[in-house]
Amino acid sequence: MTATEAALRPPAGAGGRRLAWRPAEVVERMAETRRATTLVLDVPGWPGHLAGQHVDVRLTAEDGYQAQRSYSIASPPKAPRLALTVERLEGGEVSPWLAGEARPGDRFELRGPIGGYFTWSVAMSRPLMLVAGGSGVVPLMAMLRHRAASGDAGRAVHARLLYSARAVADIIYHQELQRLSVEPGGPEINLTLTRERPPDGWQGFDRRIDAPTLAAAGVAPEMDPDVYVCGPTPMVEAVANALVGLGYEPARIRTERFGPTGEG
């Protein structure tokens, strides 16, 4: 989840334990698109995470005012540092600072990891089908990075990503996705643009994700894949319904969504 409303109660970790706030220091920032930035963080005592989990981020102003939002973890499990990719949304309280202002040496608080439903591990072994809209690609990228870092075990998992973005300039992790796709045993990457006319030589789709797009770019339903869908609520609901209509097993379809009311 890229940005959601803060929970009213402290989230629970494994075994039901309450998660504590931890200090996080920015050690590197990388521009991904004109609106999205990856922050690499040093988080002392970080307990590790699963691909697909998220964290709560809390900012505190000099006058004591606090704001918090949730962001998906972009780094794979066992990575030496935690990475968050944040898309700047106008009028927010948290994302404009994280995506536009935070620099190495800056600090804030986070707690996590949070979430157990929308997670994936190479050990699950079934074919993997990922469908993303916009910044919904972030937790799915953690899954692809986990697959790549798992060596032969990862390459043995058949994987495809169908990713919808407004324009070429809005494709988060574009170069890394291209690199992964051409590596031996790499995932198949399918891109589609929804607002910009595709440039000359474009090899992807040029429409919103629909049933024909899913049929052309997805893992065949008879392969019984694990399916993960993340993005804006209308897109996620439409994709999930289309997948069921195409014959995918509903119990294998996991969704995570975000909407305008959840921004920070």
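Extension gain for the segment Ala149 to Asp63, taken as residue separation times 0.36 nm less the Cα-Cα distance, is 26.6 nm to one decimal. Placing +1 on the Cβ of every Lys and Arg and -1 on the Cβ of every Asp and Glu, with nothing else charged, gives the range 14-114 a dipole about its Cα centre of roughly 420 debye. For the range 104-138, the residues whose backbone nitrogen is under 17 Å from a point 7 Å from the Cα of Val43, taken along Cα to Cβ, are 105-120, 138. Backbone geometry of the range 84-98 corresponds, through the Karplus equation with coefficients 6.51, -1.76 and 1.60 at θ = phi - 60°, to 3J(HN,Hα) couplings of 10, 10, 10, 9, 6, 10, 4, x, x, 9, 10, 4, x, 6, 4 Hz, x marking Gly and Pro. Which of rounded, prolate or oblate describes the range 86-231 when judged by the alpha-carbon gyration tensor and an a/c cut-off of 1.5? Here the range 86-231 falls in the oblate category. Think of each Lys and Arg Cβ as +1 and each Asp and Glu Cβ as -1; about the Cα centre, that makes the dipole of the range 122-262 roughly 200 debye. Shown in residue order for the range 121-131 are the 3J(HN,Hα) couplings computed by the Karplus curve 6.51 cos²θ - 1.76 cosθ + 1.60 at θ = phi - 60°: 9, 4, 5, 5, 6, 5, x, 10, 10, 10, 10 Hz (x for Gly and Pro). Near the amide H of Glu28, within less than 5 Å, lie the amide hydrogens of Val40, all on another chain or at least 5 residues away, with H placed in the peptide plane. Dividing the mean sequence gap of close Cα pairs (under 8 Å, 6+ apart) by how many residues the range 122-262 holds gives a relative contact order of 27 percent.
Across the chain, the relative contact order, built from alpha-carbon pairs under 8 Å that are at least six residues apart, equals 21 percent.
Calculated FRET efficiency, Glu25 to Arg126, Cβ-Cβ distance, R0 = 35 Å: about 0.40 to the nearest 0.05. Please state the relative contact order of the range 14-114 as a whole percent: Cα pairs under 8 Å, 6+ residues apart? Value for the range 14-114: 38 percent. Sites listed here are GluC sites (Glu not before Pro) in the range 155-264 whose DSSP assignment is loop and whose Cβ has at most 16 other Cβ atoms within 10 Å: Glu196.
Amide hydrogen proximity for Phe205: with H placed 1.01 Å from N in the peptide plane, the residues at 5 or more positions away or on another chain lying under 5 Å are Leu191, Thr192, Leu193. In a reduced charge model with +1 at each Lys and Arg Cβ and -1 at each Asp and Glu Cβ, the chain shows a dipole moment near 420 debye about its Cα centre. Maximal additional length on extending the Val168-Ala211 stretch stands at 13.2 nm, based on 0.36 nm per residue less the C-alpha distance. The DSSP beta bridges internal to the chain are antiparallel in roughly 55% of cases.
Throughout, read-outs are computed from the coordinates displayed, never taken from laboratory work. This structure is a prediction, so every number in the text was calculated from the model and none was measured. Because the Cβ atoms are built from the backbone with ideal geometry, glycine has one as well, and the counts that use them run over all protein chains shown.
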